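To keep things clear, I will list the structure first and then write my remarks on it.
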């Protein structure tokens, strides 16, 4: 059996573990990495390189900063002020958080944006005396970060990959805000979907789900000095500024933030390590490792070739775009959007040449759907970050799965109208 097929079988088995949750999600991801090595689909360095990925350090570092905000009471203070602006109305807060997160994610890294808002929203929940539950807000925030990445050239990596492919082929590049022609309609539909359909469902599904019991126990704890509170806030603002300017790698910014709050005594290391959400770290590292193994073994290409082969004699430009987009949509739920886009772009571009199809609608569709990772917690780092709210795998499928299909439908319908074949 070829390594490509083996990697796909392992991915299917791990998907079953994710869905049934017979073991923690983080453990399921690590099991997948182990199986990739034992079955010969990838070597150890490839299967486990996800744990050295900068995204893992970005997420882990900001989790430490977030814990410091909780431990000193700073998150609760910020949340108290913002809760007054939202007038204690949870649905109104969902709208504000979605719009703010999407706009910032259009220009900043979506993972960093989510990491900044996470402790603030959690603090608002703590300050609301039960009127606001973080679990009813955080997943929508993560999805908004993914959607915001569709609005500009720098919103996420897939648009940059599409842009580079067009330039290397000597074709017209996309404009900076050209992606918003499809991104804004998707954001508008998402806002309506979240507020009127998904939010009521979340209220029924998460009636009393906490942010994280340990965090709540330490928030605004006794003995938190004003110095430590302001120090934690200063570190958060420093991280935001560095995320915006990017003079150094984002992951390094997060690590610096974590080191600073520990050095300033904002959070005792022993207590931090006992409360740290290791499940999220193992899930993210393991998922990234499996994605690398899937890419190196050729499993992802095998899926792409099979799907494109279905076109056969029934080729039409629209069918071609629909199939390519469907492959990208499925792959991005289980591997990074960067990897999915990088793998599919050269295939799609070469087929566009062979079939005499304009590449702009195809690459635009691919760049958009590979950002539409709403159905799994490992689809994007923002999805994994909000696992601290206590979500389960099926929560993403239920709340995000339908909108994943809606986003796909909008792409297949609107892209050919805006960028003709």
From the options 69, 151, 93, residue that is more than 20 Å from the chain's Cα centre (by Cα), in contact (Cβ under 8 Å) with a residue 24 or more places away in the chain, crowded, with 24+ Cβ neighbours inside 10 Å and farther than 29 Å from residue 265 by Cβ: 93
Considering residues of region 293-313 that are touching a helix residue (DSSP H, G or I) at 6+ places or on another chain (Cβ under 8 Å) and in a loop (DSSP other than H, G, I, E, B) only, the residue modelled with the highest pLDDT: 298
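Rundown of residues vs (1) in a helix (DSSP H, G or I); (2) under 20 Å from the mean Cα position of the chain (by Cα), yes/no style:
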{"position": "11", "(1), (2)": "yes, yes"}
{"position": "14", "(1), (2)": "yes, yes"}
{"position": "26", "(1), (2)": "yes, yes"}
{"position": "30", "(1), (2)": "yes, yes"}
{"position": "36", "(1), (2)": "yes, no"}
{"position": "40", "(1), (2)": "no, no"}
{"position": "45", "(1), (2)": "yes, no"}
{"position": "59", "(1), (2)": "yes, yes"}
{"position": "64", "(1), (2)": "yes, yes"}
Taking helices (runs of 4 or more DSSP H) that do not extend beyond region 199-281, which have at least 3 residues that are farther than 14 Å from residue 66 by Cα and modelled with pLDDT of 90 or more? 199-205
Cβ-Cβ distance below 6 Å, separation of 6 or more or different chains: which pairs start in region 21-46 with a residue that is at positive phi and end on one that is assigned to a loop (DSSP other than H, G, I, E, B) and buried (at least 20 other Cβ atoms within 10 Å of the Cβ)? none
Could you give every pair whose Cβ atoms fall below 9 Å, whose first residue belongs to region 256-271 and is surrounded by 19 or more Cβ atoms within 10 Å (Cβ to Cβ), and whose second residue is modelled with pLDDT under 95 and not in a helix (DSSP H, G or I), counting only separations of at least 6 or pairs across chains? 260/266; 261/267; 266/224
Search result, residues across region 331-347 that are surrounded by 19 or more Cβ atoms within 10 Å (Cβ to Cβ) and over 16 Å from residue 173 (Cα atoms): 331, 332, 333, 334, 335, 336, 337, 339, 340, 341, 343, 344
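The values are calculated or read from the model by the stated rules, or taken from the named source; none is laboratory data. The model shown is predicted, which means the values in this text are computed figures rather than measured ones. Note that we place each Cβ from the backbone using ideal geometry, even for glycine, and neighbour counts take in every protein chain shown.
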